[in-house]
Ligand SMILES: Nc1ncnc2c1ncn2[C@@H]1O[C@H](COP(=O)(O)OP(=O)(O)OP(=O)(O)O)[C@@H](O)[C@H]1O
Ligand SMILES: [Mg+2]
């Protein structure tokens, strides 16, 4: 015979076992989700690596051919009578555009030769990019910059990071123009936040956060999932190459940073770039060496 005391004990044990089981199931579900995210990141990294290698190969051959075509065009132009020269201008213009495309492809593939780095103020980089884009925004659109903290130093190639921000700002402009009034707001927020470079890192390091938000047309989940793919564009033939964000992704990755996109169709988009700030000591030492 089992006494009441024994039944109570078994019931309590049963409750405890159920609690432990639920907890174990929850932990297992979280581990599976973590694993899925890691697998997804690995797949994305492998895909970008493969596309990068292919792209670099094509861009390299492309450049070789252009290095023959461009000087030849100049020589041929020299033989032409003046009234025929405009034809050659067109051809030279197209060749220069092709060369610019090859340069962009190399930069996407991480093979850009001009990736020299130095310490730069985060605010100066953002200022330079917004100054380049301001004339392309027009009076009816609003472009604002908010500096939430004082500037941090970034060890970077300033030209490349400006290129990333210009890509984001021009995409934002296209999105607000497509949405039409009363939309038309693009805001850049710059802040410095402390976080660990990796989960296991002992120290919190300063990171620069640059967010570019717009209240434009936004994206569907299908578009958002593909924005960093090279040659993915929704802008139609001749209007977009689909290399802006693929190149931006590669540049930010080369700077040990991250670029993420959040978007809601019909509401707008925010791109967030996080970059490790260079330590004040490294920046001071570099400044002393430069003097
Ligand atoms: N801020 C944004 N709002 C809505 N859609 C966007 C935004 N930024 C990017 N996209 C979508 O992502 C696609 C890819 O952008 P990406 O900058 O790589 O190429 P693109 O702008 O189409 O062409 P390119 O930059 O080469 O001229 C765009 O065609 C657009 O569909
Ligand atoms: Mg673009």
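What follows is calculated from the coordinates using simple rules that are stated; it is not laboratory data. Everything quoted here is computed from the prediction, not taken from an experiment. Note: ideal-geometry Cβ built from the backbone for every residue, glycine included; neighbour counts use all protein chains shown.
What is the packing order of peptides 172-182, 250-260, taking the mean over residues of other C-beta atoms within 10 Å and listing the highest first?
Working: 172-182: 16.6, 250-260: 18.5.
Order by mean packing, descending: 250-260, 172-182.
For the range 45-133, what is the convex hull (Cα atoms) projected area averaged across all directions, in square nanometres?
On the way: hull surface 35.5 nm².
If I average the Cα hull's projected area over directions, I get 8.9 nm².
Multiply the residue separation of residue 87 and residue 17 by 0.36 nm, subtract the distance between their alpha-carbon atoms, and state the gained length in nm to one decimal.
Using 0.36 nm per residue and subtracting the Cα-Cα distance, I get 16.9 nm.
Just for the range 117-256, what percent of DSSP beta bridges are antiparallel, to the closest 5?
Details: 14 of 20 bridges.
Here the antiparallel bridges make up roughly 70 percent for the range 117-256.
As I understand it, the value is the acute angle between the Cα axis of helix 4-79 and the longest principal axis of the Cα atoms of the chain; what does it come to in degrees, rounded to 10?
10 degrees
Based on the Cβ-Cβ distance from residue 136 to residue 196, what FRET efficiency comes out when R0 is 45 Å, to the nearest 0.05? Present the calculation step by step, with values, prior to reporting the outcome.
Values: r = 38 Å, r/R0 = 0.84.
For residue 136 and residue 196, the calculated efficiency is 0.75.
Tell me what the chain gives for mean residue ellipticity at 222 nm when only DSSP H runs of n ≥ 4 count, each as -39,500 (n - 2.57), the sum divided by the residue total, rounded to 500 deg cm²/dmol.
The helix-only estimate for the chain comes to -19500 deg cm²/dmol at 222 nm.
On alpha-carbon atoms, Rg over Rh for the range 118-283 using Kirkwood Rh?
Numbers: Rg = 15.9 Å, Rh = 16.4 Å.
My calculation puts Rg/Rh at 0.97.
Return the FRET efficiency for the residue pair residue 229, residue 100: r is the Cβ-Cβ distance, R0 is 25 Å, and the value is rounded to the nearest 0.05.
Values: r = 21 Å, r/R0 = 0.82.
The pair residue 229/residue 100 has a calculated efficiency of 0.75.
Give the peptides 211-224, 25-38 in descending order of average Cβ contacts within 10 Å, highest first. Show your work: numbers first, answer last.
Values: 211-224: 18.3, 25-38: 10.0.
Ranked by mean Cβ neighbours within 10 Å, highest first: 211-224, 25-38.
Report the label-to-label distance for residue 185 and residue 10 in nanometres (one decimal), using points 7 Å from each Cα along the Cα→Cβ vector.
So the two model labels end up 6.5 nm from each other.
For residue 145 and residue 260, what does the FRET efficiency come to when R0 = 22 Å and r is the distance between their Cβ atoms, rounded to the nearest 0.05? Each step should come with its number before you reach the end.
Details: r = 20 Å, r/R0 = 0.90.
Result of the calculation: an efficiency of 0.65.
If each residue of separation counts as 0.36 nm, what is the full-extension length gain between residue 45 and residue 25 once their alpha-carbon separation is subtracted? Please list the in-between numbers first.
On the way: separation 20, 0.36 × 20 = 7.20 nm, distance 3.01 nm.
My answer for the length gained is 4.2 nm.
How long are the semi-axes of the equivalent ellipsoid of the chain, defined as square roots of 5 times the Cα gyration tensor eigenvalues? Whole Å, largest first. Before the final figure, lay out each step's value.
Numbers: eigenvalues 472, 117, 99 Å².
They are 49, 24, 22 Å, listed largest first.
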